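Remarks on the structure that follows.
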Amino acid sequence: MIQSMTGYGKAEAHLEGKKIYVELKSLNSKSMDLSTRIASPFREKEMEIRRMISKELERGKVDFCLWVEKDATQHTLPINAETAGAYIRQIKEISRINGLELNGGDVWSALVRLPDITLANSTEELANEDWETVRQAIDSAVRQLVEFRKQEGKALFHKFEDKLTNIEELMHQIEPYEKGRIEKIRQRLEERLAELSGVDYDKNRLEQELIYYIEKLDISEEKQRLTNHLRYFRETMLDGHGQGKKLGFIAQEMGREINTTGSKSNQAEMQTIVVKMKDELEQIKEQVLNVL
C-alpha cells in the first residue's frame, strides 16, 4: 500500500530533573532532505539520529527537533566557588589599595556581573542509559510519523481509485461518438461531391479515402494503452511503498495517450470528454507528488 510523504510524530522521555521532547514533521520532496535542531548535550548523537530517521523515512523534507525542559529545581545554576573566591580576593585587594570601603551587598552586586561566576558552561556528559531512553523516544516519534503516512496513504489510494474510475468511465463515453463519426465522414464527403453537379467520381476511391480517415482517426490503440496504464497504476499502488516516482511516470504515459486521443478527436463532444479526462489526470499528478 502506498504511503504519503506528509506526516507528524511526537514523543517525550523523562530523565532525572528534565523532560526530553522529540518532534518530527515531513512534507513531500524528491529526496531525503533532513534538517535537525538538537539540544545540547545530544548533538554528539546527531549522525546516529540522522541515520535512524533516513533509514525509516526514506524520502521527504523532514524537520527533526529535540529539546529539553528542566524542572524548576534545576533552573538555579550552581555558583563556581573557586572563581567567586578569586574575584572576592581581587575586589578586596583593589579596594584596600584605593582606600575604598566595601560592604557585602556591593561585593555580591559586582560578582553577579562578572563572567564565569556560575557553572553554566560546565560540560554535561550524556550517560549511555540516558541516551537509550532518548533513542526510544526518537523511535516512537518516527513510528508515529510512519503510521501517519500510512493513514494519509490510504486516503490517497481511495482518491486515486476514484480518479482512475472516472477516466475509465469517460473513455467509455467516447465510444458512441467514435462509432458514428465514420458514417458522418462518409455523408459529408458524399454531400460535397453531390454539390459538384455533373462530376462523376470513383466509388472505389471514395472507399479508399474513408479507409484513410479511419486509420488516421482510429483511437483503439490509444484506448488499449490507456487501459493498460490504468491497470498498471492500480497494481503499483498495491506493490508495497516507495512507489511514488513510478506512479508519476505512469501518469505521464497516461497523459500521452489522452493527448493523442484529443488530437484525433474531430468532434466537439469527444473533445469535451477528453478535457474532462485531462482534468482528472491533473488531479492525480498533483497528488502523486505526495506519494512516498
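The values are calculated or read from the model by the stated rules, or taken from the named source; none is laboratory data. This structure is a prediction, so every number in the text was calculated from the model and none was measured. Because the Cβ atoms are built from the backbone with ideal geometry, glycine has one as well, and the counts that use them run over all protein chains shown. The protein model used for the area step is the full one, side chains on, heavy atoms only, and it has no ligands, DNA or RNA in it. Shrake-Rupley method; radii C 1.70, N 1.55, O 1.52, S 1.80 Å.
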TODO: Scan region 9-28 for residues that are under 24 Å from Gly240 (Cβ atoms), buried (at least 16 other Cβ atoms within 10 Å of the Cβ) and in contact with a Ser or Thr (Cβ under 8 Å, 6 or more places away or on another chain) and report the count.
DONE: 3
Open item on the list: Looking at Lys203, Lys276 in this structure, which one is at pLDDT 95 or above and either within 15 Å of Glu168 (Cβ to Cβ) or surrounded by fewer than 18 Cβ atoms within 10 Å (Cβ to Cβ) (or both)?
Closed with: Lys276
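Return the only residue of Ser220, Ser265, Ser197 being exposed (fewer than 13 other Cβ atoms within 10 Å of the Cβ), closer than 29 Å to Phe160 by Cα and either among the hydroxyl-bearing types (Ser, Thr, Tyr) or at pLDDT 95 or above (or both).
On the way: Ser265 fails: exposed (fewer than 13 other Cβ atoms within 10 Å of the Cβ); Ser197 fails: closer than 29 Å to Phe160 by Cα.
Ser220 is the lone residue from the list that is exposed (fewer than 13 other Cβ atoms within 10 Å of the Cβ), closer than 29 Å to Phe160 by Cα and either among the hydroxyl-bearing types (Ser, Thr, Tyr) or at pLDDT 95 or above (or both).
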TODO: Please give the number of the condition Arg135 fails out of (1) at negative phi; (2) open to solvent by 60 Å² or more (accessible area, probe 1.4 Å); (3) out of contact with any helix residue (DSSP H, G or I) (no Cβ under 7 Å at 6 or more places or on another chain); (4) modelled with pLDDT under 90.
DONE: (4)
TODO: Select, from Asn266, Asn290, the only residue that is under 30 Å from Gln3 (Cβ atoms) and touching a residue at least 40 places away in the same chain (Cβ under 8 Å).
DONE: Asn290
- [ ] State the number of residues belonging to region 29-49 that are surrounded by 13 or more Cβ atoms within 10 Å (Cβ to Cβ), of a type outside the set (A, V, I, L, M, F, W, C) and part of a loop (DSSP other than H, G, I, E, B).
- [x] 2
Task: Identity of the residue in region 169-192, more than 41 Å from the chain's Cα centre (by Cα) and open to solvent by less than 80 Å² (accessible area, probe 1.4 Å), that ends up farthest from Asp218 (Cα to Cα) - done: Glu190
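Can you tell me how many residues within region 242-257 are surrounded by 17 or more Cβ atoms within 10 Å (Cβ to Cβ) and either of a type in the set (D, E, K, R) or in contact (Cβ under 8 Å) with a residue 60 or more places away in the chain (or both)? Can you show your working first?
Keep residues of region 242-257 that are surrounded by 17 or more Cβ atoms within 10 Å (Cβ to Cβ), which gives 243-244, 247, 250-251, 254-255, 257.
Within this subset, residues satisfying the condition of being either of a type in the set (D, E, K, R) or in contact (Cβ under 8 Å) with a residue 60 or more places away in the chain (or both) are 243-244, 247, 254, 257.
Residues that pass the stated criteria total 5.
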Task: Single unsatisfied condition, Thr83 versus (1) open to solvent by less than 50 Å² (accessible area, probe 1.4 Å); (2) modelled with pLDDT of 90 or more - done: (2)
